[in-house]
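K.L.:
I have a structure here, written as structure tokens, and I will follow up with some questions on it.
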Amino acid sequence: MTQVIDEPARLTPVVHETDVLVVGSGPAGLSAALASARAGVATTLLERYGCFGGNITQVGVEGFAWYRHPQTQDSEGIGRELEERAKAMGAAAPEPQSTSWALDAEGFKYVADQLVAEAGVTPMLHRMFVAPIVEDGAIRGVICESKAGREAILARRVVDCTGDADVAFRAGAPTFKQPKADMMSVSVMFSMAGVDKARFIAAVKDDPQTYKDWGGNGEWDIATDGKEDDLFSPFLRKPFRKALEAGLLPPNLATIAGTWGGISDQGDLTYLNLVHLNYDGTDPAELTAGEIEGRRQAMLAIEALKRFMPGCETAKLRNFGMTLGVRDTRKIDAAYNMTETDVRGQARFDDSIGIFPEFIDGYGVLVLPTTGRYFHLPYRTLVPKGVEGLLVGGRCTGGDRISHAATRNMMCCSVTGQGAGTAAAISLKTGKGVAEVAVADLQRELKRQGARIA
């Protein structure tokens, strides 16, 4: 039996009140907050770390739109604005496998600060959501913890962009997640310094890798449409096979392999996505184990690259991401849950809040958007059941496995975040519940903000 402590009742000070509160500041949360503020309501952005940006800045996933090809019909709106603004502010560089730009994880922290300030969003960093405030089936705000202790923030609408559906789950909305053995892996992102760019690129050109090369060791076995197989991929496996043969890596680490995101003239090799672990991102004990084990494996991967990848001989670790990159935990049971058929079959919805190209990456499937196909994202997939006043954006929106392998991607998270933030604002301005927002009003405001809905 689990031992428990009986905490005494307490009075929690209300430190802030707002119209719309966005919890979590990744691509979805940042987009939600900007959209809400631009729609004309008081908006607050709550974040547990010391910077906005989520997977971009805190994990170091710099390939914001690495799927983009010349024929891609891509999302518009705030997601593209994030990329363009980063370019304009010197916080992006050409991405090696696409026509997109990779965002500089460190520089984007400042980009996000500027966007938040310009939109008039109230920033609240270093505060961690711990509980919702729910009265009569409607969310009224959240409880957070900080260096200042336990605090309450009241809000007329709340947007859950935590990635793990933390707010929805704790508010009593139905959620679900895959068994741990079936979850997409967790990544340890890191970068290296001191790489000889000329020698590294020459080695890549001498032995170019394709998406077909991802298959072959269990971790990276994939099913494609075939059109992806011969496209260039910045993929690394051969140095690690040589390290295994040399005894530098133990046999149980045969799954170390993956992609690099960019290399600067100064020799920084960034966005190294090589270490993949099976942990549940909602379990703090597993997150602790994953951080420690992931860093151990990453250091072994660096030694393998130093020994067996030209240009890396004198390189060293530059940095780890601030936290693990989690792909797959809770998802809400939404008013509409998206399906594999939707993302593979160019689904169209009357309540579309944006589009996303036919890009699927996860659960052993890789489909790249090279032919112009795309699908709509319906507003209903942002609406959780059972809690009024709450919307969800990002990778925890409603959907099945393969739809999640599409909608979890950062640009798509920006689309659903912008939709959720805009809907929260429209709900307040029209006096409607979040499930009763007039689609025409929502779409009109989204189009005014530059989103593409059809």
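K.L.:
Which one of these is more than 17 Å from G362 (Cα to Cα) and in contact with a Cys (Cβ under 9 Å, 6 or more places away or on another chain): D207, D230, D196?
P.N.:
Just one listed residue meets the conditions, D196.
K.L.:
What pairs come up if the first residue lies in region 153-172 and is within 10 Å of I133 (Cβ to Cβ), the second is open to solvent by 40 Å² or more (accessible area, probe 1.4 Å) and hydrophobic (A, V, I, L, M, F, W, C), and their beta carbons are under 6 Å apart, counting only those six or more places apart or on different chains?
P.N.:
Filtered contacts from region 153-172: L154/V14; A171/V134.
K.L.:
Could I ask something else about it? Search region 98-127 for residues being open to solvent by 70 Å² or more (accessible area, probe 1.4 Å) and under 18 Å from the mean Cα position of the chain (by Cα), and hand back the single one that is nearest to S25 (Cα to Cα).
P.N.:
Checking each candidate, the answer is E106.
K.L.:
Still on this structure, I have one more. Pairs needed: first member in region 98-125, on the phi > 0 side of the Ramachandran plot; second member anywhere, outside any helix (DSSP H, G or I) and of a type outside the set (F, W, Y); C-beta distance under 9 Å; at least 6 residues apart or different chains.
P.N.:
G120/A42; G120/T43
K.L.:
Looking at region 169-209 only, could you name the residues that are open to solvent by less than 30 Å² (accessible area, probe 1.4 Å) and either acidic (D, E) or in a helix (DSSP H, G or I) (or both)?
P.N.:
The answer is A171, F200, A203, V204.
K.L.:
A further question follows. Check whether at least one residue in region 210-226 is modelled with pLDDT of 95 or more and farther than 15 Å from L368 by Cβ, and report yes or no.
P.N.:
No, that holds for no residue.
K.L.:
When the residues of region 32-48 are filtered to those that are within 11 Å of R157 (Cβ to Cβ) and part of a loop (DSSP other than H, G, I, E, B), which remaining residue is least open to solvent (accessible area, probe 1.4 Å)?
P.N.:
Of everything passing the filter in region 32-48, V41 is least open to solvent (accessible area, probe 1.4 Å).
K.L.:
So, one more: For region 237-246, indicate whether the set of residues that are under 21 Å from D182 (Cβ atoms) and either in contact (Cβ under 8 Å) with a residue 12 or more places away in the chain or surrounded by fewer than 21 Cβ atoms within 10 Å (Cβ to Cβ) (or both) is non-empty.
P.N.:
For region 237-246, residues under 21 Å from D182 (Cβ atoms) and either in contact (Cβ under 8 Å) with a residue 12 or more places away in the chain or surrounded by fewer than 21 Cβ atoms within 10 Å (Cβ to Cβ) (or both): absent.
K.L.:
Yes or no: region 205-222 includes at least one residue that is of a type in the set (F, W, Y), touching a Phe, Trp or Tyr at 6+ places or on another chain (Cβ under 7 Å) and closer than 23 Å to V61 by Cα.
P.N.:
yes
K.L.:
Now a separate question. Cβ-Cβ below 7 Å, separation at least six or inter-chain, first residue in region 420-446 and closer than 21 Å to L45 by Cβ and open to solvent by 50 Å² or more (accessible area, probe 1.4 Å), second outside any helix (DSSP H, G or I) and hydrophobic (A, V, I, L, M, F, W, C): which pairs?
P.N.:
Hits for this filter: K429/V41.
K.L.:
Would you confirm whether or not region 157-168 contains a residue that is open to solvent by less than 20 Å² (accessible area, probe 1.4 Å), part of a strand (DSSP E or B) and either at pLDDT below 95 or among the charged types (D, E, K, R) (or both)?
P.N.:
Yes, region 157-168 has at least one match.
K.L.:
Right, another one. Residues that are of a type outside the set (K, R), part of a strand (DSSP E or B), over 21 Å from A33 (Cα atoms) and at pLDDT 95 or above: does region 132-141 have at least one?
P.N.:
yes
The values are calculated or read from the model by the stated rules, or taken from the named source; none is laboratory data. Please read all numbers here as calculations on a predicted model, not as lab measurements. Glycine gets a Cβ as well: all are built from the backbone with ideal geometry, and neighbour counts include every protein chain shown. We work out accessible area using only protein heavy atoms, side chains counted, and drop any ligands, DNA or RNA first. Shrake-Rupley method; radii C 1.70, N 1.55, O 1.52, S 1.80 Å.
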